[in-house]
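What follows is a set of notes on a single structure, which appears directly below.
The values are calculated or read from the model by the stated rules, or taken from the named source; none is laboratory data. Since this is a predicted model, take the numbers as computed values, not measurements. Here Cβ is always computed from backbone atoms with ideal geometry, including for glycine, and neighbour counts include all displayed protein chains.
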Amino acid sequence: MKIYNTLSGQKEEFLPPGSEVKMYVCGVTVYDVCHFGHALSYISFDVIRRYLEYRGYKVKYVQNFTDIDDKIINRANERKIPWKELVETYIAEFYVDIDALNIKRATIYPRATEEIPKIIEVIQTLIDKGHAYVSEGSVYFSVKSFPGYGKLTHQSPEDMRVTETSVTETKEDPLDFALWKTAKPGEPSWTSPWGEGRPGWHIECTAMSIKHLGTTLDIHAGGQDLIFPHHENEIAQSECYTGVEPFVRIWMHNGFLQMGADKMSKSLGNLVTIKQALERNSADAIRLFIISSYYRMPLRYSLEALDAAEAGVERFRQALKAEGKQGAEAVDADQFKVRFIETMDDDFGAPQAVAAMFDLVREINRGSEKGMDISRAQAMLKELAGVIGFTLQEEKKLTPDEEKKIEELIAVRNGHRRAREWKQADEIRKQLAELGVAIEDTSKGTTWKIAR
RNA sequence: GGCGGCGUAGCCAAGUGGUUAAGGCGGGGGUCUGCAAAACCCCUAUGCAGCGGUUCAAAUCCGCUCGCCGCCUCCA
């Protein structure tokens, strides 16, 4: 299996030393609900995780919550609620969203505020080793103390643009970043050897990943925006702390979601939340939309493409409903699995893997028309769909009463059809359509489904 | 200024040196059906932003040009 590594800029053979893959995916700062960009990232890595498991790896998947941060403090103050309440609200919302998107839960979801002792230990070690310094109650990492700084970004520190905001009185060098921030009056804080304060953003990921996964991770993933400074800083902190190189074997970054010309981001205010997206499209369609583009490529948000994905998902569902002839000549499904695996083995080529699945669908439908045995092929389609993370379930959220009424109308209509009373039959079909129900007359009887 | 990426049919999107340029959606024609729906069959890029170059061979490598985007500041 080959995976593209941001660090080397090349596809590398993936050879985890153990049977268990240690995977860390940067999580969200919980001060707001998740948006489509999060869905893109977390669905991409969910597919990767599912595929690794499909290939026989046990995956220990760690995803953090950043539950203390300037934005959390500010938002809580705006709403005049305790920061803890804000955090709990959005952690709960996070789970609602990822469950609705059929994203597998991580093995562990550590929270920054629950890892303070480890964070303090890491910072103290960095100070002791001369990689960090205390300044007015805060602690900063000294970038020039780590010669490898810039290796992930492929840029030397000298070439980095120094902006006004990065220059402060308390830092020795504009590139230095905070490990520990001293608390302002009234802010939530924890006791440390350097006074009351709270952890910086980058250090929490170092502390949490090392605590839960060890000194070297197999995969560390996140959005491309995290390459600099977040992941660059993590490498610096982690390798200086442990003395072990590499901190991460494979760095994976997903391409960004763009809204028209711009990227979707909180600061631009052009967000589509996951909840809004799910009101319009099924989780399967959102997933298909996302993975029909390669995970490292940018993806433009498009309602037209989402609706196209909805129709594509329906095609999968129909193929699972197709009828075959048990015991007849069977459709050969193995070739599609071979294609699926070949393409996924090459840096998770999901777009082509999905193409193989669509070809399998055509083969199932052909087999069905020809009266072949398609049961194994359908089982294969289900298997591959599971690897991608499709549910392929129809969203029939109707009450038993509603279903009964639909069945009754269909029975009446079929009475008219038998009597060749087409006008009346068509009238009922129209009635059902108005209820949002689409019907199909097949040789085996009439079936119905919810029309989107 | 530095680093990275993108430009392929009406739309989305694979393909990164060599058979007819995947797949989905949409569109057109046909089969089936009372009619639909679903499904199946056929068609829908002599060309991959443009211009040069390397090569027996390029969407694919190199150079230049044009257009677009991301990161260097919180962000998946």
| Going by the conditions given, is A:S302 surrounded by fewer than 16 Cβ atoms within 10 Å (Cβ to Cβ) and either within 20 Å of A:T442 (Cβ to Cβ) or outside the structural domain of A:D97 (by TED's automatic domain parsing) (or both)? | yes
| remark: Residue set A:T191, A:T170; condition surrounded by fewer than 17 Cβ atoms within 10 Å (Cβ to Cβ), within 15 Å of RNA strand B (Cβ to nearest atom), over 34 Å from the mean Cα position of the chain (by Cα) and farther than 27 Å from A:Y4 by Cβ; output residue A:T170
| For the stretch A:56-66, how many residues meet the condition of being more than 12 Å from RNA strand B (Cβ to nearest atom) and crowded, with 20+ Cβ neighbours inside 10 Å? | 3
| field | Failed item, numbered, when A:A283 is tested on (1) within 30 Å of A:P157 (Cβ to Cβ); (2) at pLDDT 95 or above | value | (1)
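Any chance you could count how many residues in the stretch A:240-253 are assigned to a helix (DSSP H, G or I) and either without any contact (Cβ under 8 Å) to a residue 12 or more places away in the chain or surrounded by fewer than 21 Cβ atoms within 10 Å (Cβ to Cβ) (or both)? Write out each step before concluding.
Taking the stretch A:240-253 first, the residues assigned to a helix (DSSP H, G or I) are A:240-242.
Still in the list and also either without any contact (Cβ under 8 Å) to a residue 12 or more places away in the chain or surrounded by fewer than 21 Cβ atoms within 10 Å (Cβ to Cβ) (or both): A:242.
Residues flagged as assigned to a helix (DSSP H, G or I) and either without any contact (Cβ under 8 Å) to a residue 12 or more places away in the chain or surrounded by fewer than 21 Cβ atoms within 10 Å (Cβ to Cβ) (or both) within the stretch A:240-253 amount to 1.
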| task | For the stretch A:375-398, state whether one or more residues are modelled with pLDDT under 90, farther than 30 Å from A:F45 by Cα and more than 15 Å from RNA strand B (Cβ to nearest atom). | result | yes
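Which one is nearest to the chain's Cα centre (by Cα) among residues in the stretch A:425-452 that are assigned to a helix (DSSP H, G or I) and surrounded by 15 or more Cβ atoms within 10 Å (Cβ to Cβ)?
Filtering the stretch A:425-452 for residues that are assigned to a helix (DSSP H, G or I) and surrounded by 15 or more Cβ atoms within 10 Å (Cβ to Cβ), the one nearest to the chain's Cα centre (by Cα) comes out as A:L432.
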| message | Pairs needed: first member in the stretch A:346-366, farther than 12 Å from A:Q318 by Cα and acidic (D, E); second member anywhere, more than 6 Å from RNA strand B (Cβ to nearest atom) and assigned to a loop (DSSP other than H, G, I, E, B); C-beta distance under 9 Å; at least 6 residues apart or different chains. | response | A:D346/A:M1; A:D347/A:M1; A:D347/A:Y295; A:D347/A:R296; A:E363/A:V331; A:E363/A:D332; A:E363/A:A333; A:E363/A:I374
| remark: Per the list (1) acidic (D, E); (2) in contact with a strand residue (DSSP E or B) (Cβ under 6 Å, 6 or more places away or on another chain); (3) at pLDDT 95 or above, residue check on A:D46 breaks on (2)
